[in-house]
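Notes for the one structure printed next.
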Amino acid sequence: MKHSRLAIFGVMTAAVIGLGQICGGASVSDGGIFKSVDRGQTWEQKVFVSQQGRKTLTISDLNTTILSQDPSNPANIFIGTEADGMFFSGNGGDQWGQVTQINTGKVRGIVFDPLTPTTLYVLRDNQILKSIDAGTTWETIYTETSGKVMVFMDLNRQSPNILFAGLEHGKIIRSTDGGVNWSVILAEPRQPILRVLLNPTSPNIMYALEREKDLWRSSDNGVTWEKLYNHDHILQVAGAGRPLRLIMDTKNPSTIYLIAENIGLIRSDDNGDNWTLVNTLVGRDADTMTAFLVDPSDSNTLWLGVGHFIHVSYDRGATWTVNEAFPSTRDIVFFSVDQQDSTLLYAGTRAVEEEGGLFGPK
């Protein structure tokens with residue numbers, strides 16, 4: 001069932017007027033969100049907010065962090081930003097409005113309940129917020145009082161009341177009741193947890209990426225954990241450095257990819273037990289890899305952002321093609337494939353001078 005968002009969209013659009021990061025007038029920056037309707041061959045900037053007389057308000061100057069679509073109606077899209085909260089489009093990106101209750105701060109996570117898509121969760125700064133009415137109203141269900149921020153979250157797609165979140169000080173917390181109560185399930189890491197991933201078909205298998213240090217795996221829903229970033233599991237390359245990004249093949253979730261310093265891109269097809277090197281056109285230069293996605297509709301297709309260039313492989317990394325015509329000078333920081341039409345893709349950008357640092361889009 002598709003959810004009506006017309007009233008919500010009107011309220012959010014009105015809320016953006018006068019916001020400092022919204023661009024007005026004839027000048028439009030080359031940032032924000034981009035959309036492709038031909039499976040990544042060509043791209044169009046999608047940043048329009050509203051027309052105010054002669055002024056056109058846009059989100060073209062915003063640094064983006066994440067995009068999430070309503071599973072029941074992918075035309076309903078939420079995006080997170082580095083400093084200006086969250087924005088919404090009810091028409092596939094043709095027009096945007098700011099979410100009035102989440103109009104400041106860095107949004108690092110937007111997660112829909114796949115069984116009840118009117119319920120969704122947002123990670124902003126040191127808080128987790130929940131909406132049960134498709135984003136009309138929001139309730140804060142967790143606040144990290146240590147002064148540290150929330151870095152990433154995920155949920156169990158078979159039992160969506162089970163939530164997981166990674167914290168800046170290295171802990172992972174879990175709720176089994178939709179966010180009412182929380183407990184720590186992993187306290188050993190000392191660096192921020194940049195990524196928490198659950199296998200959607202076997203959610204007892206989960207991973208946690210500790211910033212620049214370790215990759216953790218649990219096979220019992222977070223009760224016990226083991227380190228994978230060591231000589232027994234990760235492909236050892238002379239000078240292997242910090243692990244930076246972790247990505248799952250959601251179509252074949254036993255396959256995960258890891259981007260690490262001085263290694264580049266590696267892949268495991270057995271839940272992290274064994275790893276092979278994936279050759280790319282930038283070799284082992286992991287810092288140039290600003291975005292990566294395994295196409296959820298086709299596991300053979302890999303999308304790699306290298307600054308404002310797009311590298312695409314249709315054979316799991318055996319060969320690559322380069323699209324240098326992306327219409328922005330900014331770094332691509334994420335790709336997203338439409339959940340119902342795989343010819344539709346979205347890409348988010350960040351100004352080159354803005355570093356992801358500890359908690360950027362990496």
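The values are calculated or read from the model by the stated rules, or taken from the named source; none is laboratory data. The structure presented is a predicted model; accordingly, all values stated were derived computationally and were not measured. Here the Cβ is made from the backbone with ideal geometry for all residues, glycine too, and neighbour counts use every protein chain on show. Quick note on the areas: whole protein, heavy atoms, side chains included, nothing else; ligands and nucleic acids left out. Shrake-Rupley method; radii C 1.70, N 1.55, O 1.52, S 1.80 Å.
Here are some notes:
- With DNA, RNA and ligands ignored, accessible area of I205 (1.4 Å probe; Å², nearest 10): 30 Å²
- Around G317: net Lys/Arg minus Asp/Glu count, Cβ-Cβ under 13 Å: -2
- T64, T276, reordered so the largest accessible area comes first (probe 1.4 Å): T276, T64
- Residue-count net charge about T343 - beta-carbon cut-off 15 Å; Lys, Arg +1, Asp, Glu -1: -4
- Cα gyration tensor shape of the stretch 163-295, rounded if a/c is under 1.5, else prolate or oblate by comparing a/b with b/c: prolate
- Potential extension, S146-Q339 segment - 0.36 nm per residue separation minus Cα distance: 65.8 nm
- Derived scalar couplings ³J(HN,Hα) [the stretch 312-328; Karplus, 6.51 cos²θ - 1.76 cosθ + 1.60; whole Hz; x for Gly, Pro]: 10, 10, 10, 9, 6, x, 5, 9, 9, 10, 10, 10, 9, 9, 4, x, 7
- Global form of the stretch 304-348, assessed from the alpha-carbon gyration tensor, a/c cut-off 1.5: oblate
- FRET efficiency, K227 to N161 (Cβ-Cβ, R0 51 Å, nearest 0.05): 0.95
- Helical content alone sets the calculated 222 nm signal of the chain at -1000 deg cm²/dmol, taking -39,500 (n - 2.57) per DSSP H segment of four or more residues and averaging over every residue.
- For D177 and L277, the difference between the fully extended length at 0.36 nm per residue and the C-alpha to C-alpha distance is 32.0 nm.
- Between the stretch 51-127 and the stretch 137-191, the alpha-carbon center distance in angstrom: 21 Å
- Entries of K227/K251; K171/K213; K106/K148; K106/K171 with Cα pairs more than 22 Å apart: K227/K251
- Comparing G53, G85, G109 in a Gaussian network model of the chain where C-alpha atoms under 10 Å apart are linked, the largest mean-square fluctuation is found at G53.
- Among F334, P296, I266 - extreme Cα towards positive end, dipole of the chain, charges at beta-carbon: F334
- Length-normalised contact order for the chain - Cα pairs under 8 Å, 6+ apart - percent: 12 percent
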